[in-house]
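For reference, the structure is listed below as structure tokens.
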Amino acid sequence: MKLLKTAAAAAITIALLAGCNDETNIYYPSEPTPAPVTTDVRIGSFNLSFDRNTYAELVTEMKLTKVEQDSLMAQWFDGTISDEDKTVAEKVIQIKNIAAIIQTERPAVLLMAEFNNDGSGEDLEAIQGFRLNYLSVPQNALGATAATEKLLEPIQFGYAESFATNTGLLSDFDLNRDGNVALPDDGWGFGFYHGQYAFGLLSQYPIDTANIRTFQNFKWKDMPGEANPTIINCDDSNNPIPAGMACGDKWYTDDVWAVRPMSSKNHVDAPIIIPTENGDKVVHLLLSHPTPPIYDTVTENNKLLNRAEIKFWDDYTSGEGSYIYDDAGNEGGIADDASFVILGDLNADPESGDGHLDTIKALLNSDKVNQLATNGVYAPTSLGGPECLATGECRAENWDTLYPDMVTSTSGLRIDFVMPSADLNVTDSGVFWPATFEEGRLLMNDERVGNYGGGGKSVSSDHRFVWVDIEL
């Protein structure tokens, strides 16, 4: 954590950030400062829960200047705020708390899950607004709603990418068999609009955009061992089989199965270039956010898809990925000698939960990943996770987890991961989850905020920031 030592220092920093950009009132260099030669790199993954009703809504929130944010916060604190402005203010509180968490842990590279975009990933307005109006402004380490301030040092990311997504991309097929073709259930990935639940990347090191590989259009049918899901839940009055179908039937028509994408959002291999004393080091960031293995009715559709989305990375990194092709038509997995980090909310816990446990367990135990960071002394942990389970704030059904210190969400499961390749030297790791006796508790929970007891997405996220330090 880096703190601004005085109020005067904070004022100077804000003044330096203020510039002639009328849209944001904050200066940001058009050309990023070259990344310094380094040996230590912190890489993080964070599901930000920025799942707004529209992409435009998120853009509007991100474009609010510090002056506008401060005005909303002042009204929120003194109780003079209108209901309409209160809704906006509490979205600002969430964004400010997320920014404070990032400023506290200070990653050099960050995967941001559930950061909505325009569907194609070409519009960077929301990400740019987040960088300029929140990350570039000192946030309160104690929480946006704390009565006192402990200002953090702003954090800059010179490079950013947003990626196309299958969420909310209408398929033109009746995927859920209800007789209609409409979002959210008939999108290739669940979403009320194209771009909801997308993900983006921030980096202090150059992103090798020319060599990014995306797998948005890789077909589920082309993965070895995968088959069209069938109806197996045959006598459930709460989940009746659709009219005209029977127990054992294939869920998708042949036409749908022929074109069904495997990735519920996207799978991305984004190389970054890190300058070291021995020259540039390329590290491939393997990014995804698989569908949760729940909400199934008469098939195990989501459970099977989650398994496939996770196994994809195991095959991609293990040498078993000769069947893989990317959106540009290039075939095969990652090179045997390539360094990589698998990042994301994988929606799977290796010991409990609803997914295929063997698949995530196999990835965590792969000889291609650093075992110290997946199952050993550098597996990310927190003190807040065990407390959350003990107090019942986390989902009660998972209170008996074997590793309460490793859970990464209020589900009480370990589902968010940063997995470096075996050749990368891991020196530290963590899950940002302050317990009640630690500083920053209001970044996690404040009963004054929102309509659901002031936890989870109301205050910051129902997921936690997970990070690993590697030494190059």
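No value in this document is a laboratory result; all are computed from the given coordinates. Model, not experiment: these values are computed from the prediction. A quick note on method: Cβ atoms are made from the backbone with ideal geometry, for glycine too, and the neighbour counts reach across all protein chains shown.
In this calculation the C-beta distance from residue 399 to residue 185 is compared with R0 = 35 Å, giving a FRET efficiency of 0.65. Shown here is the pair-distance distribution of the chain: with all Cα-Cα distances grouped in 20 Å bins from zero up to the longest one, the shares run 24, 58, 18, 1 percent. Across segment 334-452, Cα-Cα pairs more than 22 Å apart make up 38 percent of the total. Extension gain, residue 85 to residue 149, is 20.7 nm, computed as 0.36 nm per intervening residue step minus the present C-alpha separation.
For the chain, calculate the relative contact order in percent as a whole number, restricting contacts to Cα pairs under 8 Å that are 6 or more residues apart.
The value is 17 percent.
When the charge dipole of the chain is built from unit charges on Cβ atoms (+1 for Lys and Arg, -1 for Asp and Glu) and taken about the Cα centre, the candidate among 69, 203, 344 whose Cα reaches farthest toward its positive end is 69. Here's the picture: charge each Lys and Arg Cβ at +1 and each Asp and Glu Cβ at -1 in the chain, and of 148, 321, 237 the one pushed furthest to the positive end of that dipole is 148.
By the scheme Lys and Arg +1, Asp and Glu -1, what is the net charge of all other residues having a beta-carbon under 14 Å from that of residue 397? Before the final figure, lay out the partial values.
On the way: positive: 395; negative: 349, 351, 354, 393, 400.
Here the count lands on -4.
Within the straight-line cut-off of under 23 Å between alpha carbons, the lysines reachable from residue 303 are 219, 221, 250, 265, 311, 361, sequence neighbours fewer than 8 places apart in one chain being disregarded. Electrostatic tally near residue 355: other residues with Cβ closer than 12 Å to its Cβ, Lys and Arg +1, Asp and Glu -1, net -2. With an 8 Å Cα cut-off and a minimum separation of 6 or more residues, compute the relative contact order for segment 103-175 in percent. Normalised by residue count, the contact order of segment 103-175 is 39 percent. Less than 5 angstrom separates the built amide H of residue 369 from those of 422, all sequence-distant by 5 or more or on a different chain. Distance between the C-alpha centers of segment 208-263 and segment 280-316? Whole Å please. Segment 208-263 and segment 280-316 have Cα centres separated by 14 Å.
Against the main long axis of the alpha-carbon atoms of the chain, helix 7-17 sits at an angle near 60°.
Ordering of 223-232, 317-326, 123-132, 44-53 by packing is 44-53, 123-132, 317-326, 223-232, highest average first (other Cβ atoms within 10 Å, averaged per residue). Reducing segment 341-363 and segment 79-157 to their Cα centroids gives an inter-centroid distance of 28 Å.
Could you give the angle, 0 to 90 degrees to the nearest 10, between helix 301-318's Cα long axis and the longest principal axis of the Cα atoms of the chain? On a 0 to 90 degree scale, this one is about 80.
Counted by Cβ distance under 12 Å from residue 251, the other residues give a net charge of -2, where Lys and Arg count +1 and Asp and Glu count -1.
Per residue of the chain, what 222 nm ellipticity follows from adding -39500 (n - 2.57) for every DSSP H run with n ≥ 4, rounded to the nearest 500? It would help to have the intermediate numbers written out before the result.
Values: 10 runs with 105 residues, N = 472.
Helix-only estimate at 222 nm: -6500 deg cm²/dmol.
Determine the dipole magnitude for segment 369-472: charges of +1 sit on the beta-carbon of Lys and Arg, -1 on that of Asp and Glu, nothing else is charged, the reference point is the Cα centre, and the result goes in debye to the nearest 20. My answer is approximately 280 debye. Sorted on the mean count of surrounding Cβ atoms within 10 Å across their residues, most packed first, peptides 208-220, 415-427, 105-117 read 105-117, 415-427, 208-220.
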